[in-house]
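For reference, the structure discussed in these notes is given below.
The values are calculated or read from the model by the stated rules, or taken from the named source; none is laboratory data. Everything numeric here is computed off the predicted structure, so don't read it as measured data. No Cβ is skipped: glycine too gets one built from the backbone with ideal geometry, and neighbour counts run over all protein chains shown.
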Amino acid sequence: MSSREIFEPLRLQVFLAHAGVASRRAAEKLIAEGRVTVNGRQVTTPGEKVLPGDEICFDGKQVKTESRLLYLVLNKPPLYISSSSDPQGRPLALDLLPPCVERLYSVGRLDYRSSGLILFTNDGAFTAHVGHPSAEIEKEYLVDSTVPISDQAVEEFARGVIVEGVLYRAREIEKTGRKSLRVVLVEGKNREIRRVFSHFHLHPEKLQRIRIGPVCLGDLEEGCSRPLTKEELRCLMK
């Protein structure tokens, strides 16, 4: 199976950012200035989709992603930012990873107060595939509430609940105690569990992601990382 059959397309500005040419916003400007070509064709509109195997050039020089592709799993502690920078100067999850010359990016997000599994890579096509809702990759969470959780809240989250015009639905949800839940999501909308909890006047005391598809937290200690296994990588890309 070719990479074109495996991966979702990647926006050109995202590819340029992952390749280290510029930030996404700066890359959009470079594209608009006509300084980028795809397979010999000048592109001036940000949003053009590219795939592995496409020849992307900037100012006439071919742009390539790093030759060594890395795929890491981190057990992120709470109070760390999963993005590559933070204007407020808060600790970055990236700084917990082993030093390397490659620029790594998180696959999806795990919010500042949450803990658990998050993936990092320098493979833009992998990021696009795993992060796309169509991949239907499950994310499993353990949630502790500050107050007891009603059966009604659990049932509504399972059926689907609309919060501020957005539909949220858990693929699986079960109470593991008066104040605790196990939740499995697929779409992974921004701050989904926290928004639903707030809707029911609940507050997560602890929110931990313990699984992403075939990748489980296991005994990986908080703040530590490890490479994805070949089998995990194969299953995620399938």
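Data overview
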item	result
Residues located in region 176-219, provided they are aliphatic (A, V, I, L, M) and either surrounded by fewer than 16 Cβ atoms within 10 Å (Cβ to Cβ) or more than 26 Å from R68 (Cα to Cα) (or both)	L181, V183, V184, L185, V186, I193, V196, L202, L207, I210
Test: A125 is touching a Pro at 6+ places or on another chain (Cβ under 6 Å) and in a helix (DSSP H, G or I)	yes
Enumerated strands (runs of 3 or more DSSP E) restricted to region 139-199, each holding at least 2 residues that are within 18 Å of S115 (Cα to Cα) and either touching a His at 6+ places or on another chain (Cβ under 8 Å) or at pLDDT 95 or above (or both)	139-145, 180-185
Residues (out of contact with any helix residue (DSSP H, G or I) (no Cβ under 6 Å at 6 or more places or on another chain), crowded, with 17+ Cβ neighbours inside 10 Å and closer than 14 Å to G188 by Cα) located in region 142-171	R169
Matching strands (runs of 3 or more DSSP E) fully within region 21-92 where at least 1 residues are out of contact with any helix residue (DSSP H, G or I) (no Cβ under 6 Å at 6 or more places or on another chain) and under 26 Å from I212 (Cβ atoms)	71-76
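Listed here are the residues, each with its yes/no results for (1) farther than 24 Å from D219 by Cα; (2) surrounded by 19 or more Cβ atoms within 10 Å (Cβ to Cβ); (3) at pLDDT 95 or above.
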site: M1; (1), (2), (3): yes, no, no
site: E8; (1), (2), (3): yes, no, no
site: A19; (1), (2), (3): yes, no, no
site: L51; (1), (2), (3): yes, no, no
site: Q62; (1), (2), (3): yes, no, no
site: N75; (1), (2), (3): no, yes, yes
site: Q88; (1), (2), (3): yes, no, no
site: V107; (1), (2), (3): no, yes, no
site: L110; (1), (2), (3): no, yes, no
